[in-house]
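Enquirer: My structure is below; once you've seen it, I'll send some questions.
The values are calculated or read from the model by the stated rules, or taken from the named source; none is laboratory data. Being a predicted model, the structure only gives us computed values, none of them experimental. Using ideal geometry, Cβ is built from the backbone for each residue, glycine included, and neighbour counts are taken over all protein chains shown.
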Amino acid sequence: MALPGADDRIVSHRDAFRKAKGTGPLLRWSDLSVAERALIVGDLAGRCQAGATPDRSVFLAVIHSWGVMCPHPQERRSYEDFPWSELPVAFEERQWYSCGVCECIVINR
């Protein structure tokens, strides 16, 4: 259920992401509007009311289902399970990194 005035961008993005079977570009949590975040939080609340345990895995499943990457800031990254790097590494050199907070795999772009 959309909130009055909610941006259709996140719904369109979610539908395209799901149609592509969970692949494609991810939106950054920090780039979402308040209304877009409210839709995702409402989805999370609905899953918890339906019996899901409100933990990290449920939160990550919800944001991934909307095509949104984890919101955790990273000062250092572990690229493709190689040692941590404090400097960004080019995509051509390492195509993904893992989030040190939630262990999500993030495409290095």
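Enquirer: Please give the number of the condition Val41 fails out of (1) without any contact (Cβ under 8 Å) to a residue 24 or more places away in the chain; (2) under 18 Å from Cys99 (Cα atoms); (3) not aromatic (Phe, Trp, Tyr).
Expert: In the conditions (1) without any contact (Cβ under 8 Å) to a residue 24 or more places away in the chain; (2) under 18 Å from Cys99 (Cα atoms); (3) not aromatic (Phe, Trp, Tyr), Val41 misses (2) alone.
Enquirer: Being in contact with a strand residue (DSSP E or B) (Cβ under 9 Å, 6 or more places away or on another chain) and at pLDDT below 85 is the filter here, so list the residues in segment 51-77 that pass it.
Expert: Once the filter is applied, which keeps residues that are in contact with a strand residue (DSSP E or B) (Cβ under 9 Å, 6 or more places away or on another chain) and at pLDDT below 85, segment 51-77 yields Met69, Cys70, Gln74, Arg76, Arg77.
Enquirer: Another one. Need pairs with beta-carbon distance below 7 Å; first residue in the same structural domain as Ser57 (by TED's automatic domain parsing) and within 29 Å of Asp55 (Cβ to Cβ) and within segment 79-108, second at pLDDT 70 or above and of a type in the set (A, V, I, L, M, F, W, C); sequence gap 6+ or separate chains.
Expert: Filtered contacts from segment 79-108: no entries.
Enquirer: Related question: Within segment 19-40, work out how many residues are surrounded by 14 or more Cβ atoms within 10 Å (Cβ to Cβ) and modelled with pLDDT of 90 or more.
Expert: Going residue by residue through segment 19-40, those that are surrounded by 14 or more Cβ atoms within 10 Å (Cβ to Cβ) are 26-27, 29, 32, 35-40.
Still in the list and also modelled with pLDDT of 90 or more: 32, 35-40.
Total satisfying the criteria: 7.
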